[in-house]
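Just below is one structure, and these are the notes that go with it.
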Amino acid sequence: MSFFGGRSNRKLSTMKFMSDLAHATNAAAVHAPCAPSGGIRALNGLRTRAGVELAIAQIHASPASDLSVAALAARACLSMWRFTVLFKGLTGESPHRYVTRVRVGHAQNLLRQGCTPVDAAQASGFYDQSHLSRSMKASCGMSPKQFQQQQTGDTSALFSSLSSASTP
């Protein structure tokens, strides 16, 4: 039997190491110059918010890349559930809806520049032209072709397609 009441020296040294590590981590977190009060929990909050903000920056920088929730959460070092909760709290939208909105906006900019709907869909990260068309109809109420015609001022084709749609 050892001097420390039956515990081996190895167990005690491990416990001492863990205790010292916990104290050092808390002291570093509390006394860090940029850390608000709250210690490690506050630092984790900053880290997670920064991860979500980096994901938002990536969405805007490259809308055609892999922007699935799983990929964005992995890049932010968060679980998919935690990433989705933080993302929605920061933006007010789910990650999927936000990505779709950014992609539609990117496609609209390309269509304004004279790009074809097929090229705009591919460059914006949509699977195909019909995916872009469904997303644009849901967000702005018109197809890519109708959007292009409205932007160029060619309203004759726009009104003819609208009147033919309303005629039974």
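Every number here is computed from the coordinates shown, using simple stated rules; none is lab data. Here the structure is a predicted model, which means the values were calculated and not measured. Heads up, the Cβs are rebuilt from the backbone with ideal geometry, glycines too, and the neighbour counts pull from every protein chain shown.
The set of residues in the range 85-107 that are touching a residue at least 12 places away in the same chain (Cβ under 8 Å), touching a Ser or Thr at 6+ places or on another chain (Cβ under 9 Å) and not aliphatic (A, V, I, L, M) comprises Phe87, Pro95, His96, Tyr98, Thr100, Arg101, Arg103, His106.
Beta carbons closer than 6 Å, at least 6 apart along the sequence or on distinct chains, pair a first residue in the range 137-153 that is touching a residue at least 40 places away in the same chain (Cβ under 8 Å) with a second that is of a type outside the set (S, T, N, Q) for Gln151/Arg112. Screening the range 99-123 for residues that are in a helix (DSSP H, G or I) and over 23 Å from the mean Cα position of the chain (by Cα) and picking the one that is surrounded by the most Cβ atoms within 10 Å (Cβ to Cβ) gives Leu111. Of all the criteria given as (1) under 14 Å from Pro144 (Cα atoms); (2) under 18 Å from the mean Cα position of the chain (by Cα); (3) in a helix (DSSP H, G or I), the one not satisfied by Phe126 is (3).
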